[in-house]
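To start, the structure under review is shown below, and the notes come after it.
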Amino acid sequence: MAQVEATTERVVAADAETVFDAIADYSGTRPKVLPEHFSEYEVREGGDGEGTLVHWKLQATSKRVRDCLMEVSEPTDGELVEKDRNSTMVTVWRVTPAGEGKSRVVVTTTWKGAGGIGGFFERTFAPKGLARIYDAMLAKLATEVEK
């Protein structure tokens, strides 16, 4: 099984603290910025950054739905880590200043992929699909925080 990685990034016209706080707000902002690929969203513990436990279903393709139960941690300033209790998937959000009143958001998701021919297709197509999903989410996030 090989590690699969999907990364996307966006520069947002808001300061890094505002953007990070919005990303870490699982009770308020996060549900507003989720694209249609996410369903059954539910905060089960916490709701603001470190210590949050949140559930959702991620429909990556018409046939592929992943049931996610994410534990949230903040290992360093500007970094939010979501670890799935149901799989090897880990999503890391990094927010850094990108000039006056702007910030760069980088989202990287990794997981242990399947082996064989199925794994080949997963490594080939899944990162592009997941990057599109997170790109849509970052666009909605930008609209939310740039108000």
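The values are calculated or read from the model by the stated rules, or taken from the named source; none is laboratory data. The structure displayed is predicted, hence computed values, not measured ones. Glycine gets a Cβ as well: all are built from the backbone with ideal geometry, and neighbour counts include every protein chain shown. To get the accessible areas, we keep the full protein, side chains included, count just its heavy atoms, and leave off ligands, DNA and RNA. Shrake-Rupley method; radii C 1.70, N 1.55, O 1.52, S 1.80 Å.
When ligands, DNA and RNA are left out and all protein chains stay put, how many square angstrom of accessible area per residue does the chain have with a 1.4 Å probe?
Averaged over the residues of the chain, the accessible area is 52 Å².
Identify all lysines with a Cα-Cα distance to LYS102 below 24 Å; exclude those on the same chain that are fewer than 8 residues away in sequence.
Reachable lysines: LYS32, LYS140, LYS147.
Multiplying the sequence separation of ARG132 and GLU45 by 0.36 nm and subtracting their Cα-Cα distance, what value in nm do you get?
Numbers: separation 87, 0.36 × 87 = 31.32 nm, distance 2.83 nm.
Difference between extended and current length: 28.5 nm.
Considering only the other residues whose Cβ falls under 9 Å of the Cβ of THR109, what net charge follows from Lys and Arg at +1 and Asp and Glu at -1?
Numbers: positive: none; negative: GLU5, GLU82.
Spelling it out: positives minus negatives among the neighbours equals -2.
Provide the FRET efficiency to the nearest 0.05 for the ASP67-GLU36 pair, computing r from the beta carbons and using R0 = 25 Å.
On the way: r = 17 Å, r/R0 = 0.68.
FRET efficiency, ASP67 to GLU36: 0.90.
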